[in-house]
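Trainee: First the structure, then my questions, so here it is.
The values are calculated or read from the model by the stated rules, or taken from the named source; none is laboratory data. Just so it is clear, the model here is predicted, and its values are computed rather than measured. Methodologically, a virtual Cβ is constructed for each residue, glycine included, from the backbone with ideal geometry; neighbour enumeration extends over all protein chains shown. Protein only, heavy atoms only, side chains kept; ligands, DNA and RNA dropped before computing areas. Shrake-Rupley method; radii C 1.70, N 1.55, O 1.52, S 1.80 Å.
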Amino acid sequence: MGVLLCLSGNPAYAHTALKDATPGPGAKVAPGADVVALTFGRLKSGTTPKISLIGPDGTAVPVGQPAVADDSVVCAAVTPLRAGVNTLSYTVISADGDKQASAFQFEVADGAEKAATPSACRDLSLSAPDTGSGGSDTILGLDRTTALLVFSAAGVLAVGGGVLTVRTKRRTRHTRSTADAERERHSGTPEAS
């Protein structure tokens with residue numbers, strides 16, 4: 001029995017659990033919050049957390065690309081939150097490589113206290129949420145750089161194809177003209193057109 005008591009101390013957490021959030025689970029905040037922040041234990045370096053937000057009407061709330069501060073705080077810009085219950089979902093990779101995914105709800109209500117942007121997020125340059133109004137960093141679902149390269153290559157191919165077509169037609173006309181002149185010279189009579 002003594003062995004069991006020694007082994008049954010505080011549980012060891014091998015995974016990174018959510019420690020804090022702004023807005024937090026079950027919180028009530030004023031409308032207009034435009035940054036969400038989630039605090040965990042250490043996160044795996046070089047991984048990009050995922051955050052999604054469903055608004056009170058059941059539609060997706062645009063969320064910018066999450067950024068990590070201090071190896072443990074995930075910050076993301078969101079379109080200003082409207083009144084009602086919102087559901088925030090997240091996926092992160094802990095320092096030990098395990099994927100953590102969960103969700104929680106919070107309420108946006110008139111008269112509630114405004115959610116303060118955590119200090120860890122204030123100095124970050126957060127990307128704006130994609131609102132579908134043309135301010136996005138994607139074109140036809142491709143990141144901007146890839147899309148521009150694809151369009152440039154297509155333009156070069158189109159221009160190159162046009163140049164080849166013109167050269168081929170000119171060459172064909174020149175070859176016909178030369179052949180007609182040779183026939184005319186050998187026959188001694190001009191051909192009727």
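Trainee: Look at region 21-34 and say how many of its residues are in contact with a Ser or Thr (Cβ under 8 Å, 6 or more places away or on another chain), part of a strand (DSSP E or B) and surrounded by fewer than 20 Cβ atoms within 10 Å (Cβ to Cβ).
Mentor: 0
Trainee: Say we look at region 89-109 and pick out the residues that are among the small types (Gly, Ala, Ser) and not in a strand (DSSP E or B); which of these is surrounded by the fewest Cβ atoms within 10 Å (Cβ to Cβ)? Write out each step before concluding.
Mentor: First, the residues of region 89-109 that are among the small types (Gly, Ala, Ser): 89, 94-95, 97, 101-103, 109.
Remaining after also requiring not in a strand (DSSP E or B): 95, 97, 109.
Values: ALA95: 16, GLY97: 8, ALA109: 14.
Taking the candidates together, the pick is GLY97.
Trainee: Condition first: open to solvent by 40 Å² or more (accessible area, probe 1.4 Å) and on the phi < 0 side of the Ramachandran plot. Now tell me which residues in region 110-126 satisfy that. Spell out how you get there, then give the answer.
Mentor: Filtering region 110-126 for residues open to solvent by 40 Å² or more (accessible area, probe 1.4 Å) gives 110-111, 113-114, 116-117, 119, 122-126.
If the condition is that a residue be open to solvent by 40 Å² or more (accessible area, probe 1.4 Å) and on the phi < 0 side of the Ramachandran plot, then ASP110, GLU113, LYS114, ALA116, THR117, SER119, ARG122, ASP123, LEU124, SER125, LEU126 are the ones that fit.
Trainee: Can you tell me which residue in region 35-48 is modelled with the highest pLDDT, limited to those that are within 18 Å of the chain's Cα centre (by Cα) and open to solvent by 10 Å² or more (accessible area, probe 1.4 Å)?
Mentor: The selected residue is VAL35.
Trainee: Looking at region 69-88, which of its residues are under 15 Å from SER119 (Cβ atoms) and open to solvent by less than 20 Å² (accessible area, probe 1.4 Å)?
Mentor: Matches in region 69-88: ALA69, VAL73, VAL74, CYS75.
Trainee: If you don't mind, another one. Mind counting the residues in region 49-70 that are among the acidic types (Asp, Glu) and under 17 Å from the mean Cα position of the chain (by Cα)?
Mentor: Of the residues in region 49-70, 0 are among the acidic types (Asp, Glu) and under 17 Å from the mean Cα position of the chain (by Cα).
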